[in-house]
Amino acid sequence: MERYRGMDRAALDVAYNNRAVVPGWQDYLDRWAEEGKPLYAQQATARDLSYGDGPRQRLDLFLAADDAAPTCLFLHGGYWQWNDKEGQAFVARGLLAHGINAAIGEYTLAPAATMAGICGEAVAQVAFLRHELAVRGRDPNRIYLAGISTGAHLMAQALAEPGVRGALLISGIYDLEPIRLSSLNGPIGLDFAEARAFSPLHQVPAETAPVIVAYGSDERPEIRRQSDDYAAVLSSLGRDVTCVPVPGCDHFSVLEQLSAPEGVLSRALASLVARTS
């Protein structure tokens, strides 16, 4: 039986089960969906913009008042097989409060799409967003990437894309090998080569935008370790990377540090924007 860092399949299932250690995880998802509704009603500029032909190849746009504002593209988590953009669009509140446009993206889920396809959709959203911003008279060359969990993994695929100035990657998966060996791989169908090819830890582009790697201090040890390892690899290559452990936060509550205007993560992203502008 294959193992990862001494863990067999059963142990990996436990190590990567973020819901098991947060009894109220569904309450978070329900509350976030409700908090997003007034944002859509009052501040959404455009909904369901299609960056492809698939039913989930769409994004929503919330534009700040300043035509010269930078834009953050955010992707939701859910182990590449759960959730949608509406359920985590509440993060736009924290972005808009700092004068940052918010683009909330979505992607095809496994098993309807392969890992290669899902990663390709993440990259395609950046190119689509640049074009959409230009058409709307907005700055297409100051794009920041953000995502949580698998959304962070997907945004890490786009760090070298044109127009990208920086990224905030929250509680991400940067080595897919333990996912391949766990039960999570059932709908995804990764083999060894695919896991390696789409692991940001092992496939760092020749150039990358500055990155903030963040996670909650109360998260699963494997999530924290993966984040630390990825930040260490970027640092070893001389890249601009900052590691931000967020005190007192788990895999769910950490996202509220981005949605809150005074949250640790919304302020960290705003500082990154100021520094790279």
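Based on the Cβ-Cβ distance from D48 to V135, what FRET efficiency comes out when R0 is 22 Å, to the nearest 0.05?
0.85
Largest mean-square fluctuation among L168, L201, L49, in a Gaussian network model of the chain whose springs join Cα atoms under 10 Å apart, belongs to L49. Averaging the sequence gap over all C-alpha pairs within less than 8 Å and six or more residues apart, then dividing by the number of residues, gives the chain a relative contact order of 19 percent. The listed residues W32, W25 rank as W25, W32 when sorted by accessible area, largest first, using a 1.4 Å probe. The value of relative contact order for region 66-174, using C-alpha pairs under 8 Å at least six residues apart, is 32 percent. Accessible area per residue was computed with a 1.4 Å probe on protein heavy atoms; H202 scores about 60 Å². Label zone (R9, point 7 Å along Cα-to-C-beta; backbone nitrogen cut-off 20 Å) within region 179-214: 179-196.
May I ask you to give the solvent-accessible area per residue for region 1-150, in square angstrom, as obtained with a 1.4 angstrom probe?
On the way: 6140 Å² over 150 residues.
Dividing the accessible area of region 1-150 by its residue count gives 41 Å².
The share of accessible area on the chain that comes from carbon and sulfur is 51 percent, using a 1.4 angstrom probe. Between the residues S253, L269, L237, the greatest Cα displacement towards the positive end of the dipole of region 208-277, with unit charges on the Cβ of Lys, Arg, Asp and Glu, is found for L237.
For every helix of n ≥ 4 consecutive DSSP H residues, a contribution of -39,500 (n - 2.57) applies; sum these over the chain, divide by its total residues, and give [θ] at 222 nm rounded to the nearest 500 deg cm²/dmol. It would help to have the intermediate numbers written out before the result.
On the way: 11 runs with 107 residues, N = 277.
When only DSSP H runs of four or more count, the value is -11000 deg cm²/dmol.
In terms of the Cα gyration tensor, with a ≥ b ≥ c the square roots of its eigenvalues, is region 182-277 rounded because a/c is under 1.5, prolate because a/b exceeds b/c, or oblate? Here region 182-277 falls in the oblate category. Between the entries (1) 49, 45, 38; (2) 51, 44, 31; (3) 56, 41, 39, the label attached to Cα extents along the principal axes in Å calculated for this structure is (3).
The values are calculated or read from the model by the stated rules, or taken from the named source; none is laboratory data. In this text the structure is predicted, and so the values were computed from the model without any measurement. No Cβ is skipped: glycine too gets one built from the backbone with ideal geometry, and neighbour counts run over all protein chains shown. Heavy atoms of the whole protein, side chains included, go into the accessibility calculation; ligands, DNA and RNA do not. Shrake-Rupley method; radii C 1.70, N 1.55, O 1.52, S 1.80 Å.
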